[in-house]
Amino acid sequence: MFLPARMRKLKIITFEKYTDPVIRSLHEEGITQIDNISERIQEDPQWAQLLKPSKPAPQTTRIASLLMRTTGIIDFMNTLITRKKKMKEVIKEFLNPPIPKKRKVEELDSESLIKKAEDELSKVETRIKSLESKLNQLEAEKGDLESTISLWEKLVDFDIDFTDIEESKYITAIVGKMPIEKFKKAPEKIKEITDEFAIFDVETEPPTERKVFIITLKEHEDAIATLLRRMDLERFEIAGLKGKPSEVIQKSRERLKEIHEERKATIKEVEEIKNEWEEELLILKEQLTIEKERNEIYAAFGETENTVMLEAWTPLKDCEKAEEIIKEASEGHCVIEREKPNPDDEVPILLENPRFAKPFETFIKMYSPPKYNEYDPTVFMAIVLPFFFGFCLTDAFYGIIDALVGFILYKGPGKVNKFMRSFGIIFMACGLWAFILGMVTNGFLGDFFPRFFHINLPTVIPLVDAFKEPQNVLLMALIAGVLHINFGLIVGARNNIKMGNIREAMGSQIVWLILELGILLAALGWLFNIFPLMVGGGGIAVLGIILLVYYNGLFGLIDASGFLGTILSYSRLLALCLSTGGMAMTVNIVTEICANLIPVIGVALAPIIFVFGHIANDTFQSLGAFIHSLRLHYVEFFSQFFMGAKRKFDPFSAERKLTKIER
């Protein structure tokens, strides 16, 4: 409970013909993490004399290809067919998400699954590819037509049949737009080249430009075009255009309507295929994904001519089960050696905690898993973090709301999402502590009862009323901080001593405990006028300072101010407590002012301010309480002892969401 799960390394040797059933059985059970020994064989000459690295199973490439094809079909259908959901449906699915039913499937070997996949894909892939090709053609044609319309709309002011120009051997046309000042000079400039031309123009938007249509002999086209380009003509490309602009535009728009209808009909066909095949394809995708993982894991093994060797990390509690599975799958033709981790081993970390603390493992994993032999703070965090949250919020009604939100997450999306389920439990615990501390500190929608009913909550403890006795609440916060930090120091000293780092334990943890003990005894001696206790405490404090300098040098004295700052950081518990109550009180005051001082409309406005004001306050204060409670653990608490590991336990497990093996 206070350490990561005890692990054992299983070294397994079996005949090659039993490798597949062994791997399948372990994959379905999901209790082992298979190590890659192939790299070790290549790097270590002694291993290389006994074994050679294995390779992925020969079917891996075909399975990967089939998986890619299956995924492509599913993605294409999902991209094309999207159903817009109403807000009511979205909320309903969030609060009560459907739980997918698992279908029983036959356990197939790689070749049988490949055959099944090819058979199913042959029935649907041709149809989908045909429809996909048709849609691509329609999209391409649509794009061409839109470009055509865009061009012809520039020419629609000229009621000319461009076929005559296109098919003429002698004349050509130059069409475009240019600034009106330049246009006025254009005829004279063109006359300097030739008199054999005709020019037509129309007004444009903006009126500072002019559309021009110039007809001339082909032999003068290049010279006139060069001239007009210098005069800022924006030329329209009309090569290959035939017909009148208005007629072409009309036909193009009619064709666009036809394309739209054809596309709708094609999408409907895709939707019919999706309704018929989606479930089968999703199941096939899951089976192929699992089979691909099984085939790829072979590359982690070592092999001889007839045998295969693999290594698997297994939690100690599951070792016997794993060994039985291996023996059964190999019909007893195997050798299994169980080893304890060596100090040099990078042991995969599996957190193992009581049920109530399991959700809080999320926070440990977000930070870093602990080392194999160091303290796992999950249980302690599961107790303290909700308390800190409640201390920051200290409002009973807000606690009820937060607990209710947690319950909704737990019973709603938590049914299908482990992360949501964990956060639902965490929010319920946090809300419970906010309710308890709110009831004893007179926090219920701020000063709701004293302000509107002139009574205090019957559960209030006057000494910890945050607004009347803030110094007492601050003292509680600092005591909580000292206890929190000292527990971290004790754990850190334990970790270092267990790992043989005695000097580190003395200089980083024990010295602070000695110094604190001395200060505490001296303070008690002074407070109760017990001179020997005060002198003894002072002596212990001096010893602490000497040890601090001895182990950390003069910089240790600077660390003392940092240590004091760490403890004072817990005063944020009081700050957030007062912030929550102060903002809630402000909402109540504004509500009261509206109801009493603003005629008619104030009575209607007051409930709105009250409800939305407290919703906003609860939202922001709960977020702040959560962030700061987490910070006190990550920054102040973990820094006293946490070392952290790099490798999490990643079981070789078949993730089945839609299927289950028919035994």
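Confirm whether SER130 is open to solvent by 50 Å² or more (accessible area, probe 1.4 Å), closer than 17 Å to GLU269 by Cβ, free of Cβ contacts under 8 Å to residues at least 40 places away in the same chain and in a helix (DSSP H, G or I).
yes
Can you tell me which residues in region 522-531 are open to solvent by 40 Å² or more (accessible area, probe 1.4 Å) and within 23 Å of GLY556 (Cα to Cα)? Walk me through it before giving the result.
Taking region 522-531 first, the residues open to solvent by 40 Å² or more (accessible area, probe 1.4 Å) are 523-524, 526-531.
The answer is ALA523, and nothing else.
Pick from ASN417, ASN486, ASN495, ASN472: which is open to solvent by 40 Å² or more (accessible area, probe 1.4 Å), within 35 Å of the chain's Cα centre (by Cα) and either closer than 18 Å to LEU576 by Cα or assigned by TED's automatic domain parsing to the domain that holds ASN552 (or both)?
Step by step, each of ASN417, ASN486, ASN495, ASN472 is checked, and only ASN417 is open to solvent by 40 Å² or more (accessible area, probe 1.4 Å), within 35 Å of the chain's Cα centre (by Cα) and either closer than 18 Å to LEU576 by Cα or assigned by TED's automatic domain parsing to the domain that holds ASN552 (or both).
Being surrounded by fewer than 19 Cβ atoms within 10 Å (Cβ to Cβ) and in contact with a Pro (Cβ under 6 Å, 6 or more places away or on another chain) is the filter; apply it to region 288-329 and report the residue that is farthest from ILE37 (Cα to Cα).
So, considering only residues that are surrounded by fewer than 19 Cβ atoms within 10 Å (Cβ to Cβ) and in contact with a Pro (Cβ under 6 Å, 6 or more places away or on another chain), the one farthest from ILE37 (Cα to Cα) is GLU296.
Output the residues belonging to region 540-568 that are within 28 Å of TYR398 (Cα to Cα) and touching a Leu at 6+ places or on another chain (Cβ under 7 Å).
Result: ILE567, single match.
Would you mind finding the one in ALA595, ALA575 that is open to solvent by less than 60 Å² (accessible area, probe 1.4 Å), without any contact (Cβ under 8 Å) to a residue 40 or more places away in the chain and over 27 Å from ALA434 (Cβ atoms)?
Answer to the check: ALA595.
Give region 407-456 a look and list any residue that's part of a helix (DSSP H, G or I) and among the hydroxyl-bearing types (Ser, Thr, Tyr), or say none.
Hits for region 407-456 are TYR410, SER422.
Determine whether region 78-99 contains at least one residue that is at pLDDT 85 or above, under 27 Å from ILE661 (Cα atoms), surrounded by 15 or more Cβ atoms within 10 Å (Cβ to Cβ) and not acidic (Asp, Glu).
No.
Helices (runs of 4 or more DSSP H) wholly in region 1-67 with at least 1 residues that are more than 15 Å from ALA300 (Cβ to Cβ) - which ones?
19-29, 45-50
Filtering region 152-163 down to residues that are part of a helix (DSSP H, G or I) and crowded, with 16+ Cβ neighbours inside 10 Å, which residue is farthest from the chain's Cα centre (by Cα)?
Per the criteria, the residue is PHE162.
Between ILE23, ILE31, ILE13, ILE41, which is of a type in the set (A, V, I, L, M, F, W, C) and farther than 24 Å from ASN306 by Cβ?
Going through ILE23, ILE31, ILE13, ILE41 in turn, just one is of a type in the set (A, V, I, L, M, F, W, C) and farther than 24 Å from ASN306 by Cβ: ILE31.
Among the listed residues LYS321, LYS285, LYS340, which satisfies the condition of being among the basic types (Lys, Arg) and under 26 Å from the mean Cα position of the chain (by Cα)?
Unique residue meeting the criteria: LYS285.
Quick check on LYS104: is it among the basic types (Lys, Arg), surrounded by 12 or more Cβ atoms within 10 Å (Cβ to Cβ), at pLDDT 80 or above and not assigned by TED's automatic domain parsing to the domain that holds LYS415?
no
Quick check on region 372-384. Is at least one of its residues in contact (Cβ under 8 Å) with a residue 24 or more places away in the chain, surrounded by fewer than 19 Cβ atoms within 10 Å (Cβ to Cβ) and not hydrophobic (A, V, I, L, M, F, W, C)?
Yes, that holds for at least one residue.
The values are calculated or read from the model by the stated rules, or taken from the named source; none is laboratory data. What you are looking at is a predicted structure, and each value in this text was computed from that prediction instead of being measured. Glycine gets a Cβ as well: all are built from the backbone with ideal geometry, and neighbour counts include every protein chain shown. Protein only, heavy atoms only, side chains kept; ligands, DNA and RNA dropped before computing areas. Shrake-Rupley method; radii C 1.70, N 1.55, O 1.52, S 1.80 Å.
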